[in-house]
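What follows draws every value from the coordinates through simple rules; no lab data is involved. Fair warning: this is a prediction, and the values are worked out from it, not measured in the lab. Glycine also receives a Cβ, built like all others from the backbone with ideal geometry; neighbour counts cover every protein chain displayed.
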Amino acid sequence: MRLIVGLGNPGEQYRLTPHNLGFSTIDQLAFDAGIRVSRPEANSLAGVGEIEGEPVTLAKPLSYMNSSGGPVARLLEKYELSPDRLLLVYDELALPWGELRLKQHGSAAGHNGVSSVIEVLGTMEFARLRLGIHPGRPVDGKKYVLQPMGRRQVKEAEEIVGRAADVVRLMLSEGAEKAMAATNRRAPGPRNDT
């Protein structure tokens, strides 16, 4: 089994913000696979099912982004999984809008949610899929990630989330190396519309 966790913030006011693309990717995967991510577990909403023939648990921590480590650790414990069975999906301000990066391990690179997971798990040895959200112009990062997206940006975010879900499926069906080779290329370019 693989645990796939999308990072974000609970609450309707955060649903259409760049910081919630991890949650949105879990929602897309769940919709496509017919998995209900609605069961309260370990301060998260979770659902169990199968994607590409692989048993998975999809989860969205409800602890708010910067305290994601506790729920992730409790989910791994509940399902008796080691961190190498975790795939963390989240937004990344350090990457241009629409760029995707899949890695098998690494630092938090300044992302507070990932820092929390690393701190609680005591390891950086877990896979992560980073969804680029930098708009290509100077922004106040703390404000930008929590601002509701404009109509055009929401449409583009849906496409990014769709591609992210494809990457997860490719990783599950073909393995991390092939998925990284197919994913880790430059996006066409940043968008300037908010």
Response to the item:
With the 8 Å Cα cutoff and a minimum separation of six or more residues, the chain has a relative contact order in percent of 26
Discussion item. Helix-only estimate, please: 222 nm mean residue ellipticity of the chain, summing -39500 (n - 2.57) across DSSP H runs of length 4 or more and dividing by its residues, to the nearest 500.
Written reply: -11000 deg cm²/dmol
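I need the Kirkwood Rh of the chain: take the reciprocal of the average 1/r across all distinct C-alpha pairs and report it in angstrom.
In the chain this quantity evaluates to 16.3 Å.
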Worksheet item: What order do you get for Thr57, Thr17, Thr123 when you list them from fewest to most C-beta neighbours inside 10 Å?
Response: Thr123, Thr17, Thr57
Worksheet entry | Candidate lysines - alpha carbon under 27 Å from Lys78, same-chain residues fewer than 8 apart omitted | Lys60, Lys103
Worksheet item: Mean projection of the alpha-carbon convex hull of the range 35-110 over all orientations, in nm²?
Response: 5.9
Worksheet entry | Net charge over other residues, Cβ less than 14 angstrom from the Cβ of Ser173 (K, R count +1; D, E count -1) | -4
Worksheet, complete the sentence: Toy charge model, Lys and Arg Cβ at +1, Asp and Glu Cβ at -1: the range 2-183 dipole around Cα centroid in debye, rounded to 20, equals 480
Worksheet item: Where does the charge balance sit around Ala46 when Lys and Arg score +1, Asp and Glu -1, over other residues with C-beta under 10 Å from its C-beta?
Response: +3
Worksheet item: Cα centroid distance between the range 80-106 and the range 1-41, in Å?
Response: 14
Practice prompt. Determine the gain in length on full extension of the stretch Glu52-Leu146; use 0.36 nm per residue of separation and subtract their C-alpha separation, reporting nm with one decimal.
Written response: 30.6 nm
